[in-house]
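Read through the structure below, which is laid out as structure tokens, and then see the notes.
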Amino acid sequence: PMTMLETMQALLGLQELDEDIFRVRQELKRLPEERARRRGTIDVRLTRVAEIDQELLQHRMRVKEVEDLTRQHRQRIRKLEGEMNEARDAALVAACQHEARNLKRDINEAEDEALTYIERIEALDAERGALKQGIDSEEVIFAEYSENLEKETAAAEAMLADLEKRRAERMGSELSADVLSEYEKLLEAREGIALAALEGRICQGCYMEVPANVKVRLSQAAALVQCPSCDRILYLYSMQA
């Protein structure tokens, strides 16, 4: 069986690999998240373009409806004017004049409404143009980024495979099952750092001061000693060299 010193040396060697493994895994997690974030930014702008297109369609349809309505009203006014020219009945002339005035009022209101829609259309067209110009540039940048990301991902995956292979080889040591189990549990709980040096009486994992007896037990090297605050397996700072 391994001595406690040999056990700690083996764990330190394992920790060195596991820190690199954890870092590479974090990078492999970060890369697609960053890609999704960048893609999401572009997609939000594309969604806005689609919303503008829908709004433009509705406004242009409304302008067309107003134009059709005013054309019909003007045709009716011309017809009324013709009827008034031929009419001999004062009451009929008055009725035609009243209807014509109402139609002219409706035309004015409709044209004011159409002008509001036209101004909105112009503003939306300008916004859409600026968005599209920005999106086109961002798509070029995103394509280049995605290509580089694929290379970075492939390199990180190759590095991870090599690290895991070296770890598997190192796991062939005589570390006991209970020591490995505790180490693996802490590795998961403490984000890839299961061990911590004790410098003086300060744990370098959580920077809390440990009781005096903890340092004494660690110096005796009779069993694994864990930090009372963060639970990491402690080792003397001098062992790191």
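The values are calculated or read from the model by the stated rules, or taken from the named source; none is laboratory data. This is a predicted model, so every value here is computed, not measured. Ideal geometry is used to build each Cβ from the backbone, glycine not excepted, and the neighbour counts take in all protein chains shown. To get the accessible areas, we keep the full protein, side chains included, count just its heavy atoms, and leave off ligands, DNA and RNA. Shrake-Rupley method; radii C 1.70, N 1.55, O 1.52, S 1.80 Å.
Of the residues making up the range 85-140, those that are touching a residue at least 12 places away in the same chain (Cβ under 8 Å) and under 30 Å from Arg37 (Cβ atoms) are Leu124, Asp125, Glu127, Arg128, Leu131, Lys132, Gly134, Ile135, Glu138, Glu139.
Residue-by-condition table, conditions (1) within 30 Å of Leu14 (Cα to Cα); (2) surrounded by 15 or more Cβ atoms within 10 Å (Cβ to Cβ); (3) in contact with an Asp or Glu (Cβ under 6 Å, 6 or more places away or on another chain):
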residue: Lys64; (1), (2), (3): no, no, no
residue: Lys104; (1), (2), (3): no, no, no
residue: Tyr117; (1), (2), (3): no, yes, no
residue: Ala161; (1), (2), (3): yes, no, no
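Restricting attention to the range 205-223, which residues are part of a loop (DSSP other than H, G, I, E, B) and buried (at least 18 other Cβ atoms within 10 Å of the Cβ)? The answer is Gly205, Val210. Taken together, the residues in the range 165-182 that are assigned to a helix (DSSP H, G or I) and either modelled with pLDDT of 95 or more or touching a Ser or Thr at 6+ places or on another chain (Cβ under 8 Å) (or both) amount to 1. The numbered conditions (1) over 30 Å from Leu46 (Cα atoms); (2) in contact (Cβ under 8 Å) with a residue 60 or more places away in the chain are all true for Leu236 except (2).
This table checks each residue for (1) within 21 Å of Arg167 (Cα to Cα); (2) loosely packed, with under 15 Cβ neighbours inside 10 Å.
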site: Met4; (1), (2): yes, no
site: Met8; (1), (2): yes, no
site: Gly13; (1), (2): yes, yes
site: Leu17; (1), (2): yes, no
site: Phe22; (1), (2): yes, no
site: Glu27; (1), (2): yes, no
site: Leu31; (1), (2): no, no
site: Arg37; (1), (2): no, yes
site: Gly40; (1), (2): no, yes
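Of all positions in the range 6-19, none carries a residue that is hydroxyl-bearing (Ser, Thr, Tyr), in a helix (DSSP H, G or I) and at pLDDT 95 or above.
Which of (1) in contact with a Gly (Cβ under 6 Å, 6 or more places away or on another chain); (2) open to solvent by 70 Å² or more (accessible area, probe 1.4 Å) does Glu191 not meet, given it meets every other one? Every listed condition holds for Glu191 apart from (1).
The selection criterion, being open to solvent by 50 Å² or more (accessible area, probe 1.4 Å) and modelled with pLDDT of 95 or more, holds for Ala143.
Residues checked against (1) touching a residue at least 12 places away in the same chain (Cβ under 8 Å); (2) of a type in the set (S, T, N, Q):
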| residue | (1), (2) |
| --- | --- |
| Arg39 | yes, no |
| Arg48 | yes, no |
| Glu51 | no, no |
| Glu55 | yes, no |
| Gln58 | no, yes |
| Met61 | no, no |
| Asp68 | no, no |
| Gln75 | no, yes |
| Arg78 | no, no |
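Name the residues in the range 159-193 that are among the hydroxyl-bearing types (Ser, Thr, Tyr) and free of Cβ contacts under 8 Å to residues at least 24 places away in the same chain, would you? Ser181, the sole residue that qualifies. Flag set for Ala90, criterion: exposed (fewer than 11 other Cβ atoms within 10 Å of the Cβ) and hydrophobic (A, V, I, L, M, F, W, C). From the list Ala143, Ala156, Ala196, the one residue that fits, being free of Cβ contacts under 8 Å to residues at least 12 places away in the same chain and either in contact with a Lys or Arg (Cβ under 6 Å, 6 or more places away or on another chain) or in a helix (DSSP H, G or I) (or both), is Ala143.
The combined condition, being under 15 Å from Thr7 (Cβ atoms) and more than 40 Å from the chain's Cα centre (by Cα), is fulfilled by Glu174.
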